[in-house]
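See below for the structure under consideration.
The values are calculated or read from the model by the stated rules, or taken from the named source; none is laboratory data. Just so it is clear, the model here is predicted, and its values are computed rather than measured. Here the Cβ positions follow ideal geometry from the backbone for every residue, glycine too, while neighbour counts run over all protein chains shown.
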Amino acid sequence: MGAPIINADEFAAFVLVLLRFSMIVAFAPVIGSPNVFTEAKVAIALTMTFVVAPTVAYTAELMPMTWFGFAWLAVGELLTGLVMAFMVRLILETANMAGEYLSFQMSMTMVNLLDPQTGAQVPVVSRLVYIVFILIFLYANGHLIVIKALVDSFQVAPVGVVAFWRPETFSEVLSAVGRMYVLAVKIAAPVVGVLFCAKVSFGIVAKTVPQMQVLFVGMPLYILAGLALTGFSMDFWPRLVGQALFEVQVALGRLLELLAPF
């Protein structure tokens, strides 16, 4: 029995599909976490590629037969997967930003933990909000949205003809970053508003009764009220995260149209 014949065009298309999947697995939320073993990430990327690659349509004439041509298409696939992963990852990065707002208002900016995602020190409140966001993300099937968008991307932007240099692509990414700031403000708004009023009230008390140690009284109150309000406001978080996932899904559709060939 002879060895199977490997078509060069099919192999090139398989590698390009693998590159796009690899960027999603490396940088997407949850799957791209450093806590996930590298071997598991490689297995996930290869499994998904073996399943999807036979269904991906490509033009054999566009498959490059030179190293330079293949490297050019590989860069396009890497950037496509990276931009898609970045768009979805912004939702969870909103948790860190909202946690920064909450920590500042609760006077807990000095209480930090090591973030395993980035290796940086982040406030403990940010870690709390981040964990809740991950649970909501998984409950809302956010990981399936990422996989579906990636599979659909091969129909809109097939391998070998990706036009990732359009200026509108960067405008779409910047719009996604702007929505991240808006979502972070919505998450932290109830706590920030109430604690701001509390600080103004303590300022008036400090002017009225100078003998009162407002600092020692206010600090524990800010933390207690902030944690309580954060717990009460969590009821609205699934609705906000679900709306953000829907907006990301629509944005990914527009982004894939921009990544399609001219």
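List every residue pair whose Cβ atoms lie under 7 Å apart, where the two residues are 6 or more positions apart in sequence or sit on different chains, the first residue falls within the range 165-186 and is over 18 Å from F236 (Cβ atoms), and the second residue, located anywhere, is among the basic types (K, R). Final answer for the pair search is E172/R254. For the range 19-48, filtering for residues that are at pLDDT below 85 and among the hydroxyl-bearing types (S, T, Y) leaves 2. From the list F50, F21, exactly one residue is of a type outside the set (G, A, S), in a helix (DSSP H, G or I), over 17 Å from V83 (Cα atoms) and out of contact with any strand residue (DSSP E or B) (no Cβ under 7 Å at 6 or more places or on another chain). Which is it? Residue meeting the stated conditions: F50. Return yes or no: is Q213 over 15 Å from M106 (Cα atoms) and out of contact with any helix residue (DSSP H, G or I) (no Cβ under 7 Å at 6 or more places or on another chain)? Against the criterion (over 15 Å from M106 (Cα atoms) and out of contact with any helix residue (DSSP H, G or I) (no Cβ under 7 Å at 6 or more places or on another chain)), Q213 qualifies.
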